[in-house]
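Below is one structure; the comments refer to it alone.
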Amino acid sequence: MSIIFSGIQPSGNLTLGNYLGALRNFSKVQEGNECYYCVVNQHAITVPQDPQLLHERTRALAAIYIASGLDPEKSILFVQSEVPEHVQLGWIMTTLAYVGELERMTQYKDKASKRGDSIPAGLLTYPPLMAADILLYQTNYVPVGDDQKQHMEITRDLAQRFNRLYGDVFTLPEILLGHDGTRVMSLQEPTKKMSKSDDNTTATIYLLDNPKDIEKKIKRAQTDSENSVHYDVIGKPGISNLIEILSALTDKTHDQVTEEYAGKGYGVFKKDVADAVVAALEPIQQRYNQLVNAPELDDILEKGAAKAHAKANATYEKAVHAMGL
Ligand code: ADP
Ligand code: NA
């Protein structure tokens with residue numbers, strides 16, 4: 001049995017990237033492991049959020065977790081701000097982190113570069129809070145997308161730094177990449193990852209998009225003039241992204257997909273990618289709609305927070321005791 005932790009920010013509508021890179025791997029590991037899945041709303045506020053929208057998105061994300069296959073009987077689902085030890089240990093981790101290593105994080109550099117000279121300090125101290133999220137549960141494995149590798153490294157560094165200074169309190173977690181680390185790229189700028197915080201909605205497939213929109217977006221996805229379906233990230237980033245999506249959805253290799261579309265044009269290929277996406281999202285959307293306004297969801301989150309709190313508090317007490325706090 002292993003302990004698994006992962007979280008997603010309620011900072012926008014969830015995308016196909018979130019699903020293929022993270023969400024769908026969550027339910028694959030819930031059998032026989034102790035799993036914690038968190039809606040990390042305190043990470044979302046590292047950039048300004050509208051209160052009403054943040055509240056709605058928090059609930060929507062919890063419903064999406066379940067709609068994508070998480071079973072609240074097998075996994076612990078909760079909202080980060082309901083378990084105060086996250087920010088409490090987050091502060092301790094912040095005191096262990098170096099400004100230089102935080103400034104070198106690519107996510108920080110990306111996000112800070114868009115904020116002129118008013119860079120919220122929380123963008124910089126995001127990684128120590130994420131480290132706390134993970135370390136509180138003595139996590140062994142963290143199912144996240146390939147874009148989170150750097151955050152996982154700093155989490156391990158901070159855990160090791162703490163353990164060296166104060167004794168062996170934290171388990172060192174490892175990243176768990178699904179399907180060889182699927183990374184979904186923007187449909188309009190395929191050298192950039194698809195993200196729920198991208199303002200270009202035609203570049204992004206949302207989990208709650210209707211079939212028509214999905215078809216339209218994929219049809220208009222940026223490609224090249226070659227009309228030959230093969231995988232070449234540098235030369236053909238758009239087509240390679242669509243191959244990546246189809247291969248993740250059908251559990252085929254890039255080569256298998258390439259073979260299947262030999263001699264066929266982009267029109268046929270794009271139609272099949274769209275069909276595969278629509279088929280994968282349909283059952284998720286059905287379950288989501290049943291759940292999002294049901295009182296059952298409040299119940300699940302309340303029970304989840306109580307269980308998460310018990311575990312988090314035990315680790316936190318160990319940590320502060322070791323530090324003399
Ligand atoms: P976003 O960038 O969409 O706001 P988050 O930073 O909240 O997403 O990440 C949530 C999870 O989704 C993480 O595990 C991350 O690795 C994964 N993820 C996000 N975008 C992608 C993508 N384009 N491809 C694969 N995985 C992704
Ligand atoms: Na993000």
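A short reminder: the numbers here are calculations on the coordinates, not readings from a lab. These figures come from a predicted structure and were not determined experimentally. So basically every Cβ, Gly included, is an ideal-geometry build from the backbone, and we count neighbours across all protein chains shown.
Using the Cβ-Cβ distance between E302 and I234 with R0 set to 51 Å, the FRET efficiency works out to roughly 0.55. A simple spin-label model places the labels of K252 and L208 3.2 nm from each other, with each point 7 Å out along Cα-to-Cβ. Within region 92-118, list the residues whose amide N lies under 16 Å from a label point set 7 Å along Cα→Cβ of K149. Flagged as within label range: 105-107. Panel values: region 201-288, Kirkwood radius from alpha carbon pairs, Stokes-Einstein at 10 °C and 1.306 mPa s, translational diffusion coefficient 119 µm²/s.
Summing charges over all other residues whose Cβ lies under 12 Å from the Cβ of H230, with Lys and Arg as +1 and Asp and Glu as -1, gives -4. The share of Cα pairs per 10 Å bin across the chain, counted from zero up to the longest distance, runs 6, 25, 33, 24, 10, 2, 0 percent. Here the simple spin-label model places points 7 Å from the Cα toward Cβ, and for V99 and K264 these points are separated by 5.6 nm.
Give the calculated FRET efficiency between V320 and N293 to the nearest 0.05, with a Förster radius of 56 Å applied to their Cβ-Cβ distance. The calculated FRET efficiency here is 0.90. Inter-part distance, region 94-143 to region 218-271, computed on C-alpha centroids, equals 35 Å. As a calculated quantity, the FRET efficiency between E73 and K271 at R0 = 41 Å, using C-beta atoms, amounts to about 0.60.
Extension gain, I119-E56: 0.36 nm per intervening residue step, less the Cα-Cα distance, totals 20.1 nm.
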